[in-house]
Amino acid sequence: MNAITIQAHDDNGAGRQCVSRRAFLLSSGAIVSLAGLGIPGLVDAAGTPLQALRATYPRQRIGKLSALAKGKPVHFKYPYPSVDNILVKLGAPAGGGIGVELDVVAFNLQCTHMGGPLHGSYKEAHQMLGPCPLHLTTFDLTRHGMVVAGHGTESLPQIVLEVAGDDIHAVGVMGLIYGYAHNVTGSRRG
Ligand code: FES
């Protein structure tokens, strides 16, 4: 995989890359790595595969493959102690999925629209998170957290996972967690 490093340019979100339902990820005021891998199934208007921007954080063990039950999310904190996420075995292959069936993914639990809580909203039948209780945004967890309905326009931040034996590790985040001005430094908006 080729990777390049880019630096976005402000602290207030003005330099944030525009992300639509089709465009995937963003950058704001942080040094991030632009993965050289296209996102399967997601292309721009010209048919060029979209790429994901990824911020790297310290590696953290968050669970075991053998302990996951299909459709039963497990909560964990990452990359900061205050940030809630879920780890879930979808039962269907997913973008960024790990495990034999490529169906284990992890996502942040704050809605990208205005930070609404998505806790307890996982829909096993459709592998979706939502609707958000505030304005009904719903995210497709098989497609990198893409918005499929509601007021939100930005994909849900996806936690980047790696496997070592049976252990699942979080190693980064694709997208900006709501309320944070910087992905890497973790500083919150004032
Ligand atoms: S805060 Fe979630 S849809 Fe508005």
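Coordinate-derived values only; no laboratory data. Predicted model only: the values in this text are computed from it and were never measured. Reconstructed Cβ throughout: ideal geometry from the backbone, glycine too, with neighbour counts over all protein chains shown.
Quick rundown of the values:
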| read-out | value |
| --- | --- |
| Any hit, segment 77-94, residues being of a type in the set (Lys, Arg), away from the ligand (no atom under 14 Å from the Cβ), farther than 17 Å from Leu176 by Cα and buried (at least 20 other Cβ atoms within 10 Å of the Cβ) | yes |
| Strands (runs of 3 or more DSSP E) enclosed by segment 115-190 - at least 2 residues per element that are within 14 Å of Asn85 (Cα to Cα) and touching a Leu at 6+ places or on another chain (Cβ under 7 Å) | 167-174 |
| Lone qualifier among Gly115, Gly130 - being near the ligand (Cβ under 10 Å from one of its atoms), buried (at least 16 other Cβ atoms within 10 Å of the Cβ) and of a type outside the set (Asp, Glu) | Gly130 |
| Pairs where the first residue, in segment 91-119, is among the polar types (S, T, N, Q) and the second is buried (at least 17 other Cβ atoms within 10 Å of the Cβ) and not in a loop (DSSP other than H, G, I, E, B), C-beta under 6 Å, 6+ apart | Asn108/Asn85 |
| Selection within segment 148-165 - buried (at least 20 other Cβ atoms within 10 Å of the Cβ) and within 9 Å of the ligand (Cβ to nearest atom) | Gly152 |
| Residues of segment 118-127 classified as among the hydrophobic types (A, V, I, L, M, F, W, C) and more than 14 Å from the ligand (Cβ to nearest atom), total | 1 |
